[in-house]
Amino acid sequence: MFGDKKNKLRDSERSLISETVSIEGTINSSGAIDVAGLIKGPVISKEIVIRETGSITGSIEGDRVEIHGHMDGKIMGDDVIIGSTGTVKGDIEFSNNLKTENGADIDGYIKKTQGSKSKLTTDFLFSKSKDEKKSNESSGSETVVNKDSEVLA
């Protein structure tokens, strides 16, 4: 259970936005964030989990992103999981793995990117400029996957 610390974050490195909390603004974390409440604004973290009661309106970026609640905005991550209770209204960009469970609701484009786009480091959080974010969002080719077809270019 507490075996390999390289692959799992310790509980002390996790932050919880509980069901009774509503936040408006940018959230940055070098650890993990569990969202059971409401967030309006971008979220940047190593790991982001939106629980069934959680909702984010804004973009999210992380190494690992897991959606079991509601997400309205762009998702960028190395590994992205959309659970059976997850609803996503927005585009998904992933570089490693994408998993969707039966019942997941996705309304947007899905794009696999080359390599890791994430610039998550221990001191990335408070030095990332708006210009860097804009240039990252506007580059690259696009592959679109939907339920009705295999791959569209």
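Quick check: is even one residue across the range 63-79 among the β-branched types (Val, Ile, Thr), crowded, with 16+ Cβ neighbours inside 10 Å and farther than 18 Å from Lys99 by Cβ? First the steps, then the outcome.
Pass one, the range 63-79, residues among the β-branched types (Val, Ile, Thr): 65, 67, 75.
Among the residues that remain, those that are also crowded, with 16+ Cβ neighbours inside 10 Å are: 65, 67, 75.
Narrowing further to those that are farther than 18 Å from Lys99 by Cβ: none.
Taking every residue of the range 63-79 in turn, none turns out to be among the β-branched types (Val, Ile, Thr), crowded, with 16+ Cβ neighbours inside 10 Å and farther than 18 Å from Lys99 by Cβ.
The residue pairs whose first member lies in the range 12-35 and is in a loop (DSSP other than H, G, I, E, B), whose second member is surrounded by 14 or more Cβ atoms within 10 Å (Cβ to Cβ) and of a type in the set (S, T, N, Q), and whose beta carbons are closer than 7 Å, counting only pairs six or more residues apart or on different chains, are Glu19/Thr53. Residue count for the range 89-104 satisfying the condition of being exposed (fewer than 14 other Cβ atoms within 10 Å of the Cβ) and charged (D, E, K, R): 3. Scanning the range 62-83 for residues being in contact with a helix residue (DSSP H, G or I) (Cβ under 9 Å, 6 or more places away or on another chain) and part of a strand (DSSP E or B) gives a total of 1.
Throughout, read-outs are computed from the coordinates displayed, never taken from laboratory work. Note that the structure is predicted; figures quoted are calculated from it, not measured. Note that each Cβ is placed from the backbone with ideal geometry, even for glycine, and that neighbours are counted across all protein chains shown.
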